[in-house]
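Report on the structure given below.
The values are calculated or read from the model by the stated rules, or taken from the named source; none is laboratory data. In this text the structure is predicted, and so the values were computed from the model without any measurement. Please note: Cβ atoms are built from the backbone with ideal geometry, for glycine as well, and neighbour counts cover all protein chains shown. Only protein heavy atoms, including side chains, enter the accessible area calculation; ligands, DNA and RNA are left aside. Shrake-Rupley method; radii C 1.70, N 1.55, O 1.52, S 1.80 Å.
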Amino acid sequence: MEPRRCSLQNIFLSEHDRQNMVATYDADRVNNRRSDPYSRRSSKDKDRDDKDVVTVSVSTGYTNKGFKGDNDNDLAKPPVEPIEDESIPKGKFKLSRKEKWRILKNIAAVSLAFMVQFTAFQGTANLQSSINAKEGLGTVSLSAIYAALVVSCIFVPTFVIKRLTVKWTLCLSLLCYAPYIAAQFYPRFYTLVPAGVLVGLGAAPMWAAKATYLTQVGAIYAKLTDQPVDGIIVRFFGFFFLAWQTSELWGNLISSLVLSGGAHGGGHDHNTTVSEEALRSCGSNFCVLGNKGLQNLNRPPDSEIYEISSIYLACIVLASIMVALFVDPLSRYGENRKKTGTELNGIQMLSATAYQLKKPYQQLLIPITVWIGMEQAFIGADFTQAYVACALGIPLVGYVMICFGVVNAICSLLFGTLMKYIGRVPLMALGFAVHGVLIWVLIVWRPHPNSPHIFFTISSLWGVGDAVWQTQVNGLYGTLFRRNKEAAFSNYRLWESTGYVVAYAYSTHLCARMKLYVMGVVLVVGMMGYAIVEIRHSIKARRQKRLAEDPKAAAAEALAQNTVEETDDEKDDIDDEIIITHL
């Protein structure tokens, strides 16, 4: 039975009209059955009749204003509202394959901005112990930076990033370095030290925001290109640090060119006028408070300092502008999709960091982590002042440090690849041997301007050793503490920064010889702790291998020993990659 058509208005009936319509229809149906001679039908026919689709037209009731006139000739449909694509789940977003080029542009912009930024900061920091040597002002300001960084790493990053988003956290944090550069125009304790504290407070959220940005856009890029996420993230960080490490080159080059070309510069001829008696006070015999009469340590003319500081200050502003104009906000790639359900606030991070100290592996790694901060502070402050500036003059400090930065960058990339083939232990042994020999050489060697190549050789070899510690110790933390990466790397930042603070704190009170003795002891103790960790970790690896081959025998052995093993090195459910950076 073909249904009869009705007006579209029948779907908008009032209750009263609907009841009247049903009653009228039932009455008509009964009358039709009475007048129909074939009204007596089978039960199947009756059931089929009940299931017939019948539509009726009504001339009264609710008027659907969406249809004007309500006839076939003049049908006006209501405006169609946009409907979201049901194929895209809520909370997701859609990107085209071409988006990968935009991501690469963002990575390049962030990397170049940090290169420009640290061209200014590294160049300034390497000169602090020389141009602001009076009463140890320069080293005290550097110590303030890393003391503030310790506190900032725990409390500041999460709070700032939540409120400013990643992009604007980067912009604001980069500008936190500007007051420290500007304070070089009027260096006093009440200007440089507070400015240094501001740098430390801004450094932690800056590095955290950078790591968050590179990690998240790396995951998106991997999705767009169908490549492994881990490989893409490592590649992005590798490109970033390659650009960042070159800042040591550009910053020192700027300072050296300005100082060498000014009135204070004089090159090699100027430095040979230093008496042999004065040179005996250089090297391991150098004491900050007892060498006020050395001509090479005189502060350069203010005009040259102002010129360098103006260039560096322009770099800081330029870096912030680069991020603001050329870096897309992370909200484009789902910044707000992951809320802070698993993030740690400041108090929770402090608690997790303290709890991490209870673990034997972490306790054994504290000395080698402190050593990393101390050796970087020594090469940047004590070596440049007691050896380079004292014997060669301040204008050559930048050139010597260029060698350190270039070799450090090359070896960092080389050792990361080399570890896959020879393992971590030979590289750690190399770092120990290089720095052990250099400490002995620096104790017995008397620097002289007639042998400038030795300064460059020592700086380059120190870069080799530093590259070992930076790559291998970070990797060791990531391997041993996979289940507690955040707390583990918080401890890494804490103890590395402690090494900086300690080295800068005693810089003005101890002579260079005593500093080298202290560093030698810390290096030996650190390597002993590292060796114990490697041995214990190797024993555990062999035990786990036996467990896989013969579970019953290994289980019986573990039960007999009745010991509890650390399980932090076992892979967690979400084995995210955490990268540690330093100021």
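Summary table
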{"item": "Full-extension gain in nm, residue 354 to residue 457, via 0.36 nm per residue minus C-alpha separation", "result": "33.0 nm"}
{"item": "Förster radius 51 Å - calculated FRET efficiency between residue 324 and residue 543 (Cβ-Cβ, nearest 0.05)", "result": "0.40"}
{"item": "Extent along principal axes [Cα atoms of the stretch 442-519; Å; largest to smallest]", "result": "54, 28, 14"}
{"item": "Inter-probe distance in nm under a simple model that places probes 7 Å from Cα toward Cβ, at residue 104 and residue 188", "result": "5.3"}
{"item": "Rg/Rh ratio calculated on Cα atoms of the stretch 112-236 (Kirkwood radius)", "result": "1.08"}
{"item": "Exposure of residue 364 as accessible area (Å², to 10), given a probe of 1.4 Å and all protein chains", "result": "40"}
{"item": "Too-long pairs where the Cα-Cα distance tops 27 Å, listed order kept, from 358/420; 210/358; 100/167", "result": "358/420; 210/358"}
{"item": "Rounded if a/c under 1.5, otherwise prolate or oblate - the stretch 372-478, Cα gyration tensor axes", "result": "prolate"}
{"item": "Spatial separation of Cα centroids for the stretch 452-480 and the stretch 147-163, in angstrom", "result": "28"}
{"item": "Around residue 186: net Lys/Arg minus Asp/Glu count, Cβ-Cβ under 14 Å", "result": "+2"}
